[in-house]
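Taking it in order: structure first as structure tokens, then the write-up.
The values are calculated or read from the model by the stated rules, or taken from the named source; none is laboratory data. Computed from a prediction, not measured in an experiment: that's the story for all the values here. For neighbour counting, all protein chains shown are included, and Cβ atoms are generated from backbone atoms with ideal geometry for every residue, glycine included. Just the protein is used for accessible areas: all its heavy atoms, side chains included, with ligands, DNA and RNA removed. Shrake-Rupley method; radii C 1.70, N 1.55, O 1.52, S 1.80 Å.
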Amino acid sequence: MTDTWREPSQAGADEPDAPAGASASPPPAGAQAPPAPPAEITPGPSSPATPRPPVEITSRPSSAPTPRPSGGVVSRPGDGLASVRPGEALAGAVGAVLDGLAAGALRRGGPVPAETPEALAAQVARTLAEARGEEALGRLTELLAYGAADPADPACAAHLHCPPLAVAVAADLAVSALNPSLDSWDQAPAATELETLLLRELAGLVGYPDTAAGVLTSGGTESNVMGLMLARDRVLERVTGEPVQLRGLPARVRPRIFASAAAHFSVRRAAALLGLGEDAVVAVPVDREQRMDPAALERALREAARRGEPPVAVVATAGTTDTGAIDPLPECAALAAEHGAWLHVDAAYGGGALLSDRLAPLLAGVELADSISLDWHKLGWQPAAAGVFLVRREETYASLARRAAYLNPADDEEAGYPSLLGRSLRTTRRADAFKIAVTLRTLGRDGLGRLVDVCHDLARAGAAAVRAHPRLELHAEPVLTAFLFRYLPRDPGRADEVNAALRRRLLREGLAVVGRTELPRDVTTELPGDVTTELPGDVTTEMSAEGSDEVSAGGSGAGSPGGGRVRLKLTLLNPHATVAEVERLVGLVVAAGEAEEAGLS
């Protein structure tokens, strides 16, 4: 799949960049503090030896009036920062931001502030009301950094929330300063061509032919909407002979979308937005690792055909949110083709595996998809947003084509001025391709692939630590960089309650950000003492926001005694974390679980 990747020769690509804003967690008691991180990690880390400062943010002194660059007229405080020309004013503003980031991280002293939501909300409201003039930028940046869940801290491992690379953050600053918009060539001359060339490279990465096309998106949700919209338009026009985008959905036709029970919730949301209705989505059963069952998919497709319900799309997931599970892509492609359905692969998470020689084979068959979603703000270490949507054949974009006289008049295009307006659902659109292009030219696929491999190794080490602890239970081995587990209380009937509470304890104490999800209803789990809990078979399910099933009627719900469905989740996306730090995080979970149990007795 990766042999069509067109990577430029790049000197210095052997040295991976460091995440922006990286900070170190406090070492375990008795351990020696780690050495200072490399200079390229910005902004400065918080000091592990420094106690938490008071909650109140210290006011910065007001600056003296600053002469305007154009002459001797004295400006009011803050006027210099109101300049619209990048230059000295921007340099000073960036300095204030870096100072604020460092001060806020130092005050926080960990992955998340040790505050209740109410206390933090009051502090935000107070500081927002007080910050004025030139001090506002630095003071509010300090507040933002203090109140952040810092993805560069090794103990912040709940979500697909990566620490962005410093080079990508710097590239993003350039885009913010120039503010190009990709809805017309005359607003983004270079950026228009750069996005086109980058997408050609990314199409090669997934194994697409030269006929491919695509666009930068806000992320997997927008990409999934686009894939299913194009599927709806193409398949239903073939079935009915009418262009859906012009005439609307045909009467007496019940289209269907097939996605695994672990697919992202945005699939159902897309079906609703597209007028198909959430009930049009058929949830295909999954195995214990949350991979779609191809036999179940085949049965569902045949049943829809028997009822005269046209299959619009099969959505295969390459990297579920909870476990990183990858559906059997070749089988999904064959079944979609057999039944005339569009195949969309949601690779928002798992697409990063294509950067790794070790993990890329897991996505074999992705090149067979009609459309693909990728998120570079997950396993690509880009500031959000950095979503990518690709189609295998450019002509399938036809229903999205638009002509606006003030943006892309036909005579301009005939004269050689290209337009990307018909590639996106959005009009105003940021040049998010730039930071990805800079990152690829700086690190290359090999450099990014090493970061992916490091995070995969960290996940395996974390899973091993869970497996080795008698009070923890591992759900399954990590496929990518995430895994599920739970704390095993002495009273098995309180497992859900204790696991949910220990996560909140870690947040409240500012010690760790750990994910939480729920297993599908049909998963049987074993508890200590050979006690087996199986969820009732009459529970109906729906896709949850995290991708797994959620109880909607009957049975035991989240946090109810004996449900046995709540799981904790670690998502390791920080390539500068160490195995020791991951093991320490696992230890914090155990300690929080023991503290919760003690409070119950």
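Things to note:
- Enumeration of residues in the stretch 255-304 that are in a loop (DSSP other than H, G, I, E, B), of a type outside the set (A, V, I, L, M) and within 20 Å of Glu222 (Cα to Cα): His264, Phe265, Gly275, Gly277
- Residue match in the stretch 477-495 (condition: surrounded by 18 or more Cβ atoms within 10 Å (Cβ to Cβ), small (Gly, Ala, Ser) and more than 19 Å from Gly380 (Cβ to Cβ)): yes
- Residue within the stretch 272-281 that is open to solvent by less than 50 Å² (accessible area, probe 1.4 Å), under 18 Å from Leu363 (Cβ atoms), in contact (Cβ under 8 Å) with a residue 12 or more places away in the chain and touching a strand residue (DSSP E or B) at 6+ places or on another chain (Cβ under 7 Å) present: no
- Test: residue in the stretch 206-222 that is in contact with a strand residue (DSSP E or B) (Cβ under 8 Å, 6 or more places away or on another chain), of a type in the set (S, T, N, Q) and either assigned to a loop (DSSP other than H, G, I, E, B) or farther than 30 Å from Leu90 by Cα (or both): yes
Okay, residues lined up against (1) of a type in the set (Gly, Ala, Ser); (2) touching a residue at least 12 places away in the same chain (Cβ under 8 Å); (3) in a strand (DSSP E or B); (4) open to solvent by less than 10 Å² (accessible area, probe 1.4 Å):
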residue	(1), (2), (3), (4)
Ala384	yes, yes, no, no
Asn408	no, yes, no, yes
Arg429	no, yes, no, yes
Val438	no, yes, no, no
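- The set of residues in the stretch 327-347 that are in contact with a Lys or Arg (Cβ under 7 Å, 6 or more places away or on another chain) and open to solvent by 20 Å² or more (accessible area, probe 1.4 Å) contains only Pro328.
- Whether a residue is aliphatic (A, V, I, L, M), closer than 19 Å to Ile326 by Cβ and open to solvent by less than 10 Å² (accessible area, probe 1.4 Å) was assessed, and Ala463 passes this test.
- Considered as a group, the residues in the stretch 304-321 that are in contact (Cβ under 8 Å) with a residue 24 or more places away in the chain and of a type in the set (D, E, K, R) include one that is farthest from Lys378 (Cα to Cα), and that residue is Arg307.
- Any hit, the stretch 387-405, residues being of a type in the set (Gly, Ala, Ser), assigned to a helix (DSSP H, G or I) and under 27 Å from Leu160 (Cα atoms): no
- Residues of the stretch 125-143 that are assigned to a helix (DSSP H, G or I) and surrounded by 15 or more Cβ atoms within 10 Å (Cβ to Cβ): Thr127, Glu135, Ala136, Leu137, Gly138, Arg139, Leu140, Thr141, Glu142, Leu143.
- If you go through the stretch 561-594 and keep only what is at pLDDT below 95 and either open to solvent by less than 30 Å² (accessible area, probe 1.4 Å) or in contact with a Phe, Trp or Tyr (Cβ under 9 Å, 6 or more places away or on another chain) (or both), you end up with Gly563, Gly564, Arg565.
- Residue match in the stretch 547-558 (condition: open to solvent by 50 Å² or more (accessible area, probe 1.4 Å), at pLDDT 95 or above and either hydroxyl-bearing (Ser, Thr, Tyr) or not in a loop (DSSP other than H, G, I, E, B) (or both)): no
- Condition met for Ala170 (modelled with pLDDT of 95 or more, closer than 16 Å to Ala437 by Cα, among the aliphatic types (A, V, I, L, M) and open to solvent by 10 Å² or more (accessible area, probe 1.4 Å)): yes
- Selected residue [more than 25 Å from His576 (Cβ to Cβ), surrounded by fewer than 23 Cβ atoms within 10 Å (Cβ to Cβ) and under 21 Å from the mean Cα position of the chain (by Cα)] from Ser399, Ser424, Ser419, Ser371: Ser424
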